[in-house]
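Working notes, structure below.
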Amino acid sequence: MSRSENAVDLFLSGYNCAQSLVLSFADDLKYSKELAQKMAAGFGGGMGKQQETCGAVTGAIMVLGILKGEEVNNNDELKASAYGAVKELIRDFVAEYKTTQCSELIGCDLNTPEGSEKFKDDKIMENVCAACVKKAVEIVEKLTA
């Protein structure tokens, strides 16, 4: 099973979008799955279900930070590498989905009964969110290959 398929399986089994991203990289990045799950817990649903930046994107940013982030404070070269990778992630994600905004990606308000019903009835989790999780993993893999 590929890492992106694993992330989608994690997502569809109940982890939020951001957790699915960081958990799919946990073994390779040598951090515990418990830490990954906790670290990303508040980022699902577009950051605390506020439908801002997609949790798949914020999870991917966390992974890129671990892979390309600073090991020493004020290391401008490493900072530039991390920032550049995040810019590429967002550029590639937007090229595919036209936005990183959860609310625009799913087209309903998760904080209303009507929006929650639409989310379930239209299988948005399976049809939209799972694809975003898969794509975010693929982009991170491309940027770190």
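Here are some notes:
- Test: residue in the stretch 53-62 that is without any contact (Cβ under 8 Å) to a residue 60 or more places away in the chain and surrounded by fewer than 17 Cβ atoms within 10 Å (Cβ to Cβ): no
- Taking the numbered list (1) modelled with pLDDT of 95 or more; (2) in a loop (DSSP other than H, G, I, E, B) in turn, residue 74 passes all entries but (1).
- Residue selected from the stretch 1-21 under the condition assigned to a loop (DSSP other than H, G, I, E, B) and more than 18 Å from residue 139 (Cβ to Cβ), by the criterion nearest to the chain's Cα centre (by Cα): 16
- Output for the stretch 39-50, where each listed residue is over 19 Å from residue 64 (Cβ atoms) and either surrounded by 19 or more Cβ atoms within 10 Å (Cβ to Cβ) or not small (Gly, Ala, Ser) (or both): 45, 49, 50
- Hits in the stretch 97-141 (condition: among the aliphatic types (A, V, I, L, M), part of a helix (DSSP H, G or I) and closer than 18 Å to residue 47 by Cβ): 105, 106, 124, 125, 128, 133, 136
- Across the stretch 36-44, a minimum of one residue is classified as closer than 15 Å to residue 130 by Cβ, in a loop (DSSP other than H, G, I, E, B) and out of contact with any Lys or Arg (no Cβ under 7 Å at 6 or more places or on another chain).
- Residue 64 out of contact with any Cys (no Cβ under 7 Å at 6 or more places or on another chain), part of a helix (DSSP H, G or I) and more than 15 Å from residue 142 (Cα to Cα): no
- Residues in the stretch 45-58 that are part of a loop (DSSP other than H, G, I, E, B) and of a type outside the set (D, E, K, R): 7 in all.
- For the residues 81, 24, the requirement of being assigned to a helix (DSSP H, G or I), surrounded by 15 or more Cβ atoms within 10 Å (Cβ to Cβ) and touching a residue at least 60 places away in the same chain (Cβ under 8 Å) singles out 24.
The values are calculated or read from the model by the stated rules, or taken from the named source; none is laboratory data. Since the structure is predicted, the reported quantities are computational estimates derived from the model, not experimental observations. As a convention, Cβ positions derive from the backbone with ideal geometry for all residues, glycine included, and neighbour counts pool all protein chains shown.
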